[in-house]
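Visitor: Got a structure for you, questions after.
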Amino acid sequence: MGNATLKSLTYLLRIGLGIIFFTSGILKLIDIYSFQNAISNFNLLPVNIIPVISISIAIIETSLAILLITNYKTKIVASIFIYILVSFTTLVLFKFVEGVKIACGCFGDFINSEINIWTILRNIFLLVLMLIIKSNADILDKKISLTISDIILEFKNNIYNYFVLSTFILLSIFYLGTLQQNNQLKKKLDQLVNIESVLKENDVAPPFKSIDMLNKEYKVKYNSGYDFYLLYIFSTNCETCNRNFQTWINLKDSLLNKSIYVFSVSTDLPKRITQYLQNKRVNFEVYSSRDEDFIKNYKSTITPQTILINKKGLVMKTWI
């Protein structure tokens, strides 16, 4: 195979993959909240750093794609993409084996790509193409014409060179995933042990910060003109919460003529909550709160909870 043919092949792969990754990065930036939600669903990172991580990933991906298209430092860029693809494919594989049904977030919310076997195969295919770009770039640097056997050998060498570090990345991610699962299990056990720590009758229900489904800040407090406040704490990953939602909708209808403010709060991101509420015909306000005071005081990791609060901010009854 001549260098001219090799250059043409590398050029086509470079431009093609560059456009794919550029599109992916731009769509993530346009719909950054969906991408944040996708990262959050992997349950590997602390909630407070997800916004920074999500924006950083999208900007890095877009920047690398531009460098790939313009053929600037192609070998280095291709190497970085290889590690990114190995890392992300490992994460996807980990969640696929778990049987978790979540979106990969590859193209924001514009393409609803739920993790499945095709997601894994697609990433492996992109990884192989990126390895070809890296191998061809190595060969073209040598400025000599090589046979097909030489090209295959160079490709094999690249696979071997990346294998050790890729294996380390894979094992590290699996370790982090297992560690995170253990932490979640510990939290659930703590919830069962400390379930008596939820708000009880005559406890003070403190105000807390939240945001509505339009990402507008809202301070929840219990002196806004109603006699009673009925709070429903839920999670989009809670099956019991999902089953109870219609009951809440019916309850709100039955309280139309009462001085009771019915609302619900989840610690999930607004985008995730909005998707969850589709087709539910919700007739009460829904808020998202990741306020540490809310999580601590209301024991929001225990779901579902129904809390009746009077206008003095005192708990009248809690149902779990």
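Visitor: Anything in the stretch 72-94 that is closer than 13 Å to Ala137 by Cβ and either among the hydroxyl-bearing types (Ser, Thr, Tyr) or surrounded by 18 or more Cβ atoms within 10 Å (Cβ to Cβ) (or both)? List them, or say none.
Guide: Of everything in the stretch 72-94, those that are closer than 13 Å to Ala137 by Cβ and either among the hydroxyl-bearing types (Ser, Thr, Tyr) or surrounded by 18 or more Cβ atoms within 10 Å (Cβ to Cβ) (or both) turn out to be Tyr72, Thr74, Val77, Ala78, Ser79, Phe81, Ile82.
Visitor: Separate question: So, of the residues in the stretch 265-286 that are more than 22 Å from Asn43 (Cβ to Cβ) and within 22 Å of the chain's Cα centre (by Cα), which turns out to be modelled with the lowest pLDDT?
Guide: Checking each candidate, the answer is Gln278.
Visitor: Still on this structure, I have one more. With the structure loaded, tell me whether Val97 is out of contact with any Asp or Glu (no Cβ under 7 Å at 6 or more places or on another chain), surrounded by fewer than 18 Cβ atoms within 10 Å (Cβ to Cβ), farther than 23 Å from Gln275 by Cβ and among the β-branched types (Val, Ile, Thr) or whether it fails that test.
Guide: Against the criterion (out of contact with any Asp or Glu (no Cβ under 7 Å at 6 or more places or on another chain), surrounded by fewer than 18 Cβ atoms within 10 Å (Cβ to Cβ), farther than 23 Å from Gln275 by Cβ and among the β-branched types (Val, Ile, Thr)), Val97 qualifies.
Visitor: Across the stretch 24-61, what is the number of residues that are of a type outside the set (A, V, I, L, M), exposed (fewer than 15 other Cβ atoms within 10 Å of the Cβ) and modelled with pLDDT of 90 or more?
Guide: Counting residues in the stretch 24-61 that are of a type outside the set (A, V, I, L, M), exposed (fewer than 15 other Cβ atoms within 10 Å of the Cβ) and modelled with pLDDT of 90 or more gives 1.
Visitor: Let me ask something additional. What pairs come out if I take residues in the stretch 300-320 that are without any contact (Cβ under 8 Å) to a residue 60 or more places away in the chain and pair them with residues that are β-branched (Val, Ile, Thr) and crowded, with 18+ Cβ neighbours inside 10 Å whose C-beta lies under 8 Å away, six or more apart or interchain?
Guide: Every condition considered, the pairs that remain are Trp319/Thr306; Trp319/Ile307.
Visitor: Anything in the stretch 302-320 that is within 22 Å of Ile249 (Cα to Cα) and not hydrophobic (A, V, I, L, M, F, W, C)? List them, or say none.
Guide: Residues satisfying the conditions are Thr303, Pro304, Gln305, Thr306, Asn310, Lys317, Thr318.
Visitor: Moving to a separate point now. Can you tell me which of (1) of a type outside the set (Val, Ile, Thr); (2) modelled with pLDDT under 75; (3) surrounded by fewer than 14 Cβ atoms within 10 Å (Cβ to Cβ); (4) closer than 22 Å to Ser8 by Cβ is the one Phe125 doesn't meet?
Guide: It fails just one condition, (2).
Visitor: Please verify whether Val77 is under 30 Å from Glu292 (Cβ atoms) and at pLDDT 80 or above, treating the condition exactly as stated.
Guide: So Val77 does not fit the description; no.
Visitor: Collect the residues in the stretch 200-217 that are assigned to a strand (DSSP E or B) and surrounded by 16 or more Cβ atoms within 10 Å (Cβ to Cβ), keeping them in residue-number order.
Guide: Phe208, Ser210, Ile211
Residue by residue, here is whether (1) in a loop (DSSP other than H, G, I, E, B); (2) surrounded by fewer than 16 Cβ atoms within 10 Å (Cβ to Cβ); (3) free of Cβ contacts under 8 Å to residues at least 60 places away in the same chain; (4) not β-branched (Val, Ile, Thr) holds:
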| residue | (1), (2), (3), (4) |
| --- | --- |
| Asn223 | yes, yes, no, yes |
| Leu230 | no, no, no, yes |
| Ile233 | no, no, no, no |
| Lys252 | no, no, yes, yes |
| Asp268 | yes, no, no, yes |
| Lys280 | yes, yes, yes, yes |
| Val286 | no, no, no, no |
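Visitor: Which condition number does Glu239 fail, the rest of (1) closer than 24 Å to Tyr33 by Cα; (2) in contact (Cβ under 8 Å) with a residue 12 or more places away in the chain being met?
Guide: Unmet condition: (2).
Visitor: Across the stretch 215-237, what is the total count of residues that are touching a helix residue (DSSP H, G or I) at 6+ places or on another chain (Cβ under 9 Å) and either at pLDDT below 85 or under 20 Å from Glu292 (Cα atoms) (or both)?
Guide: 8
The values are calculated or read from the model by the stated rules, or taken from the named source; none is laboratory data. Quick caveat, the model's predicted, so the values are computed rather than measured. Quick reminder, even Gly has a Cβ in these numbers, built from the backbone with ideal geometry, and neighbours come from all protein chains shown.
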